[in-house]
Amino acid sequence: MLNKEAQQALNDFAKYVIQQSRSNLTKSKKTDSKDLYNSLGYSVDKTAKGFRLTFEMSDYGEFVDKGVKGKDPSKVSPNAKIKGQQAPNSPYRFGSGSKRGTFDKFARKMSKWAKRKNLRFRNKKGQFAKGGYDAMGYVVASNIYNRGIKPSLFFTKPFNKAFERLPQELLEAYAVGIEKQINVNLKEI
């Protein structure tokens, strides 16, 4: 396969993955952030050995795609509609790792989200109950922190689908390095 054809095939592959990933984010009601949508990108660079394909997204994107294990699902409120561990196979877990933030910061973000969504406490009759957005943010953050975030696979599914459609010549020419290089580049972001 000629270098120009290989580069075009990689560009087409990456464009498809980004377009489908953005489409998945738009369809998903779980993600409220335009930042993640706008952070998706790629670059195809020529190297001495061939080409390097790099996908880019904000750190948050990996958590949305792969999900996050909850800290302790037994602490989820008995009134919660969603129970149990949401991402048992995720490599990420709340309260561990280098992306460590404080629970208070997370709760503040959730209170802003609750305010944007006008999410408020209600009593059994459906009437608004006592408690502001800060209290709602704390309850939502506690629930998410303890049960985790379910994987959306917004990026993984289009990537795998597009990878299967890559031209056979390209796969044979770069088979040893392409999958490893893409995975390494994703981990570095």
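Here, each number is a calculation from the coordinates, and none is a lab measurement. Predicted model, so just to flag it, every value in this text is computed and none were measured. Glycine also receives a Cβ, built like all others from the backbone with ideal geometry; neighbour counts cover every protein chain displayed.
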Check: For the stretch 82-149, what is the relative contact order in percent, using Cα pairs closer than 8 Å and at least 6 residues apart in sequence?
Finding: 43
Item checked: Assigned charges on the beta-carbon of Lys, Arg, Asp, Glu; the stretch 82-149 dipole about Cα centre (debye) -> 260
Note to self: Testing the spin-label approximation: label points 7 Å from Cα along Cα→Cβ at Ala135 and Asp72. State their distance in nm.
What the structure shows: 2.4
Note to self: Between Lys109 and Thr47, what's the calculated FRET efficiency when r is the beta-carbon distance and R0 is 35 Å? Round to 0.05.
What the structure shows: 0.35
Check: Around Tyr16, what is the net charge, scoring Lys/Arg as +1 and Asp/Glu as -1 over all other residues with Cβ under 10 Å from its Cβ?
Finding: +2
Item checked: Residue among Thr102, Tyr145, Ala135 farthest towards the positive dipole end of the stretch 82-149, charges placed on Cβ -> Ala135
Next item on the list: For the pairs Lys130/Lys150; Lys66/Lys117; Lys71/Lys109; Lys109/Lys130, note any where the Cα-Cα span goes beyond 23 Å.
Entry: Lys130/Lys150; Lys66/Lys117
Next item on the list: Please express the Cα-Cα pair-distance distribution P(r) of the stretch 82-149 as a list of whole percents, one per 10 Å bin, running from 0 to the bin with the greatest distance.
Entry: 20, 42, 29, 8, 0
